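Report on the structure given below.
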Amino acid sequence: MDLTLLYRGPLSSCDYDCPYCPFAKRRDSTELLRADRAALERFTAWARAQTRDRLSILFTPWGEGLVRSWYRRAMVELSHEPHIERVAIQTNLSCRTGWLAEADLNTLALWCTYHPDQTPYQRFIDRTGELTAAGVRFSVGIVGLPEHLEQARRLRADLPEHVYLWVNAAEGHTYSDEQAEPWTELDPLFPFSRHPHDSAGRACRTGSSVVSVDGDGTVRRCHFVRDPLGNLYDGSFRDALRPRPCPMAVCDCHIGYVHLETLPLYDVFAGGVLERIPTAGARRGLPLYALSSPMVDSESNEPSARL
Ligand code: SF4
Ligand code: SF4
């Protein structure tokens, strides 16, 4: 079967200090780091052994994973498995990039976030240059805070055209049409992030072809719905896999709503759902109606207000 796994282990520390983040400059104890490493190695061994499934894996750590050797190793090992379609990780790109030479770059991809107040611009853009030169598949993104706009424009100007720059609506922030416009100029898909998506009762691929896994192997449909479906390692989760509607009122995080069947995002991001890389057409900002799936709310058959 085709299965997408969103893995988040116990790690919850970061080398950056973003003011809005609970993991800023948090240090994990030696015990917790050991536990995180053991959990990741167990998960990696499990994934490598599932040769009858086609797996796509996104690591979504609290904090930063790639500064830890075990995340880099897991990415490299998983990238070489023929039954693994994609292995990707969310990262602040603070780590060096030489380790990527050992990976199969047809499979590995990075979801990189630029935090303007945490790292010098030149250092970040140089790292992205290293990724481009090495042939790594990656997206770059930024949180759409007003004070980030100039840096975001600079990034868009300096990144190669084929590298997608995404913009996340800042949490708790509302954007008037006028305020949203400059962000949409930079990221034609910003309208998807601008508002939370009404998701209650709507079909979502999580719980059937997409699941979240924690360090203990507890499987849930997604990171936001806490009811367990079973455990990864005893196989009990498999019997629970079936389509089910979303029980939450809204879904406001890309790693969640990208799987909503009422949105056309599997078409928009075809081939790059996990690392957030849209198709060339979507990246060029073609009119949304030109995308292969109609931009409609499948409940009402009306154009969706939650684009
Ligand atoms: S880089 Fe990410 S995890 Fe680290 S402090 Fe900033 S927002 Fe938090
Ligand atoms: S729509 Fe979001 S919150 Fe609801 S089940 Fe899907 S991923 Fe989870």
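The values are calculated or read from the model by the stated rules, or taken from the named source; none is laboratory data. This one's a predicted model, so the numbers in the text were calculated from it and none came from an experiment. Every residue, glycine as well, gets a Cβ built from its backbone with ideal geometry; the counts of neighbours run over all protein chains shown. Side chains are part of the model used for accessible areas, which takes the heavy atoms of the whole protein and leaves out ligands, DNA and RNA. Shrake-Rupley method; radii C 1.70, N 1.55, O 1.52, S 1.80 Å.
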Original post:
Amide H neighbours of residue 80 under 5 Å, counting only residues 5+ apart in sequence or on other chains, H built in-plane at 1.01 Å?
Top reply: 104
**OP:** Determine the shape class of segment 1-147: with a ≥ b ≥ c the square roots of the Cα gyration tensor eigenvalues, call it rounded for a/c under 1.5, and otherwise prolate if a/b is greater than b/c, oblate otherwise.
**Re:** oblate
Original post:
Tell me, what % of the accessible area of the chain is carbon and sulfur with a 1.4 angstrom probe?
Top reply: 49
Original post:
Summing Lys, Arg as +1 and Asp, Glu as -1, what charge do residues with Cβ under 9 Å from the Cβ of residue 230 carry, residue 230 excluded?
Top reply: -1
Original post:
When N is the residue count of segment 81-218, what does its C-alpha Rg come to as a fraction of 2.2 N^0.38 Å?
Top reply: 1.19
Original post:
Give me the log10 of I(q) over I(0) for the chain at q = 0.13 Å⁻¹, as the Debye formula computes it from C-alpha points; what are the numbers?
Top reply: -0.97
**OP:** Tell me what the chain gives for mean residue ellipticity at 222 nm when only DSSP H runs of n ≥ 4 count, each as -39,500 (n - 2.57), the sum divided by the residue total, rounded to 500 deg cm²/dmol.
**Re:** -7500 deg cm²/dmol
**OP:** Could you work out the local net charge near residue 240, counting Lys and Arg as +1, Asp and Glu as -1, over the other residues with Cβ closer than 11 Å to its Cβ?
**Re:** +3
Original post:
For segment 190-264, what is the accessible area per residue in Å², given a 1.4 Å probe and the full set of protein chains?
Top reply: 40
Original post:
Using a 1.4 angstrom probe with every protein chain in place, what is the largest-first accessible-area order of 71, 266, 20?
Top reply: 20, 266, 71
Original post:
For segment 156-192, list residues with backbone N below 17 Å from a point placed 7 Å from the Cα of residue 149 toward its Cβ?
Top reply: 156-157, 167-171, 173-188, 190-191
Subject >> Average Cα contact separation per residue, the chain, under 8 Å, 6 or more apart, as relative contact order % >> reply: 16
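What FRET efficiency, computed as 1/(1 + (r/R0)^6) with R0 = 45 Å and r the Cβ-Cβ distance, is obtained for residue 240 and residue 284, rounded to the nearest 0.05?
Working from the Cβ atoms, E equals 0.65.
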Subject >> Per principal axis, descending, Cα span of segment 65-144 in whole Å >> reply: 39, 23, 23
Subject >> Taking the convex hull of Cα positions in segment 103-153, its mean projected area over all directions (nm²) >> reply: 3.8
Original post:
Tell me, which longest segment in the chain has none of the GluC sites (Glu not before Pro) that fall in DSSP loops with at most 14 further Cβ atoms within 10 Å?
Top reply: 1-160
